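Take a look at the structure below.
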Amino acid sequence: MDLFNSALGKNITFLRPAFFIISGFIGIPNINYYYAFLFFVYIISVLANTAVMAAIYLDHNLRTPKYIAVFNLALVDLLGNSAMVPKVLDIFLFNHPHISYNDCLTFLFFCYVFLSMQALNLVALSYDRVMAIVYPLHYQLKVTHRFMFSLIASFWVFVIIVVLIAIGLLTRLSFCESVVIKSYFCDHGQMYRLACNDYTPSDITAWILLVLILWLPLSIVLLSYLIIGYALAKVATVRERMKGFKTCTAHLSLVAIYFLPILITFTLGANIEPNARIINLSLTSVFPPMLNPIIYVLQTREIKESLRKLLRIIKHYKISKVKFKK
């Protein structure tokens, strides 16, 4: 294989195109309305995630290990949609489908890193819920600021390394025929299948990535809720069970929003019409980052109180400023 030949020091020339062409959303009537919807989703995502991060940063009561993970999720959601939506709108709404080879790899890197971190962040939050419900007396010893920072940092390092490996293998491919990517962004699977030399290493890596950043996180989250369910089943009163379960509703909502659309798409597979598949996957990419902060605000009492406090401070500041001017 070319990868191993290269590793042995043989002089191999790879054919790299000057650009790729992103060709998703072809032949869909009134597609401009969908682009307007994506823009609306992006604006709401920016405002909502910024509000959640501001509340956690400014309110000392929210500087707990759990909210370190929540802050990181909001940051990942903000960066993920910022990496995805403006570029998608530029490609399709403003008709700039040509994207240079290096820019395409960069686009792929940021999209995959942030999408992967969303899944791993849900794992961090599920660990927090398990410790809070199963080991409530030892929670502060098991879930510390240092541990949560270390866990999230290790997730970042892991995701960046595996995505860089996938991109490194892409650079060992030659593109001598089609350069048309039938997706809404520089999709790893679509790209390596365009190669005219052996893409087996990239194909294997794609399956490994699918396991590491989708199936493994989902399995860990499901296992954590089996443990939580077993622990709550041993609680004496129904009221205490419901109280324990209520602390998990926000996280369960995030898990459902992130994983269900992806699982439905992969389950139906080839039975989905190509354009419907692209739209579904694009919504799966941009919709959870908008809904995540809204769900946490609506279902988490601490954040709601913190935001109300911040709004009162801002309102008081504006009133004081007006009075001062008078």
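Computed quantities for the displayed model
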{"quantity": "Global form of segment 1-152, assessed from the alpha-carbon gyration tensor, a/c cut-off 1.5", "calculated": "oblate"}
{"quantity": "Where no second cysteine Cβ lies under 4.7 Å, the cysteines concerned in the chain", "calculated": "C111, C248"}
{"quantity": "Relative contact order for segment 23-181, counting Cα pairs under 8 Å that sit 6 or more residues apart, in percent", "calculated": "28"}
{"quantity": "Cross-link reach list, aspartates and glutamates versus K142, counting only Cα pairs under 17 Å and skipping chain neighbours closer than eight places", "calculated": "D128"}
{"quantity": "In segment 69-127, the chymotrypsin sites (Phe, Trp or Tyr not before Pro) that fall in loop regions by DSSP, at most 14 other Cβ within 10 Å", "calculated": "F94"}
{"quantity": "Relative contact order (%) - the chain, alpha-carbon pairs under 8 angstrom, separation at least six", "calculated": "29"}
{"quantity": "Cβ-based charge dipole, the chain, positive-most Cα from A166, V235, A206", "calculated": "V235"}
{"quantity": "Candidates per trypsin sites (Lys or Arg not before Pro) in segment 34-143, loop by DSSP, up to 16 other Cβ within 10 Å", "calculated": "R63"}
{"quantity": "Accessible-area composition of the chain, carbon plus sulfur, in percent [1.4 Å probe]", "calculated": "68"}
{"quantity": "Alpha carbon centroid spacing (whole Å) that separates segment 36-75 from segment 117-171", "calculated": "18"}
{"quantity": "Rg/Rg_ref, segment 224-267, where Rg_ref = 2.2 N^0.38 Å and atoms are Cα", "calculated": "1.44"}
{"quantity": "Mean Kyte hydropathy of -1.0 or more with a Cα span along the axis of at least 18 Å, helices from DSSP in the chain", "calculated": "31-58, 65-92, 101-134, 145-170, 216-233, 249-268, 274-299, 301-325"}
{"quantity": "Segment 33-130 - accessible surface per residue (Å², probe 1.4 Å)", "calculated": "38"}
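The values are calculated or read from the model by the stated rules, or taken from the named source; none is laboratory data. All values derive from a computational prediction rather than experimental measurement. For neighbour counting, all protein chains shown are included, and Cβ atoms are generated from backbone atoms with ideal geometry for every residue, glycine included. Surface accessibility is based on the protein's heavy atoms, side chains included, excluding ligands, DNA and RNA. Shrake-Rupley method; radii C 1.70, N 1.55, O 1.52, S 1.80 Å.
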